[in-house]
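Undergrad: I have a structure I would like to understand better, so I am pasting it below and will then ask my questions one at a time.
The values are calculated or read from the model by the stated rules, or taken from the named source; none is laboratory data. These numbers were taken from a predicted model, which means no experiment stands behind them. As a convention, Cβ positions derive from the backbone with ideal geometry for all residues, glycine included, and neighbour counts pool all protein chains shown. Note: accessible area is taken over every heavy atom of the protein model, side chains too, but ligands, DNA and RNA are not part of it. Shrake-Rupley method; radii C 1.70, N 1.55, O 1.52, S 1.80 Å.
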Amino acid sequence: MAARRKQAVRGGPALGVRLEQVAQRLAARREAALRPLGVGRSQVQQLEEVAAAPGISTAELARRVGLAAQSVASSVASLETRGWLRRVPHPIHRRLVELTLTPAGRRILWRARRALGRTEAAAVAGLSSAKRKSLAVLLGEWEATLRE
């Protein structure tokens, strides 16, 4: 572990590469935490979007999660089959379909949020509160720089 730190300080992997490595490890832990619930990260993201915007269309959901409309349509069908989402025709524009969470969908989303919260807490448990705050600030600044 100390050798890796020295390598990074002396010009080892670039910051972007390190960030990708950390993100991949965190993603793997998040997937593992969600596996017992029978839901994946992409599905949780979709449920989050529907919870934030009840009545959202499948096309808008696809735009928000950055996936192809066909992929989201397939996922929405699966989430509906599981009883987590409901597709309802728009009251005025009958060709449009609105998505809403069911009570079961709200429950699975709540359980997923808890599992992901525990995973993130465990992932940063070795960092002091001050280091966690510094990391959050630095990542925020880096993100802002990349948006410019």
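Undergrad: Among the residues of the stretch 102-126, count how many are open to solvent by less than 60 Å² (accessible area, probe 1.4 Å) and not in a helix (DSSP H, G or I).
TA: So the answer is 2.
Undergrad: Of all residues in the stretch 31-81 being in contact with a strand residue (DSSP E or B) (Cβ under 9 Å, 6 or more places away or on another chain) and closer than 17 Å to G117 by Cβ, which is most open to solvent (accessible area, probe 1.4 Å)?
TA: It comes out as A51.
Undergrad: Which residue pairs have Cβ atoms under 7 Å apart, sit 6 or more places apart or on different chains, and have a first residue in the stretch 83-94 that is under 11 Å from G55 (Cβ atoms) and a second that is assigned to a loop (DSSP other than H, G, I, E, B) and open to solvent by less than 60 Å² (accessible area, probe 1.4 Å)?
TA: R86/T102
Undergrad: Something else now. Evaluate the stretch 85-97: report whether one residue or more is open to solvent by less than 60 Å² (accessible area, probe 1.4 Å), in contact with a strand residue (DSSP E or B) (Cβ under 7 Å, 6 or more places away or on another chain), at pLDDT 95 or above and closer than 30 Å to R35 by Cβ.
TA: There is at least one residue in the stretch 85-97 that is open to solvent by less than 60 Å² (accessible area, probe 1.4 Å), in contact with a strand residue (DSSP E or B) (Cβ under 7 Å, 6 or more places away or on another chain), at pLDDT 95 or above and closer than 30 Å to R35 by Cβ.
Undergrad: Another one. Based on this model, can you work out whether E60 counts as within 30 Å of T145 (Cα to Cα), under 19 Å from the mean Cα position of the chain (by Cα) and at pLDDT 95 or above?
TA: It is false that E60 is within 30 Å of T145 (Cα to Cα), under 19 Å from the mean Cα position of the chain (by Cα) and at pLDDT 95 or above.
Undergrad: Confirm whether V72 is β-branched (V, I, T) and not in a helix (DSSP H, G or I).
TA: So V72 does not fit the description; no.
Undergrad: Can you list residue pairs whose Cβ atoms sit under 6 Å apart, with the first residue in the stretch 119-145 being closer than 14 Å to V22 by Cβ and the second being outside any helix (DSSP H, G or I) and hydrophobic (A, V, I, L, M, F, W, C)? Count only pairs 6 or more apart in sequence or on different chains.
TA: Close Cβ pairs (under 6 Å, with a partner that is outside any helix (DSSP H, G or I) and hydrophobic (A, V, I, L, M, F, W, C)) amount to R132/V124.
Undergrad: So, L138, is that one open to solvent by 80 Å² or more (accessible area, probe 1.4 Å) and of a type in the set (A, V, I, L, M, F, W, C) or not?
TA: In short, yes.
Undergrad: Looking at the stretch 11-24, can you tell me whether even one residue there is assigned to a helix (DSSP H, G or I) and modelled with pLDDT of 95 or more?
TA: Checked against the condition, which is being assigned to a helix (DSSP H, G or I) and modelled with pLDDT of 95 or more, the stretch 11-24 yields at least one hit.
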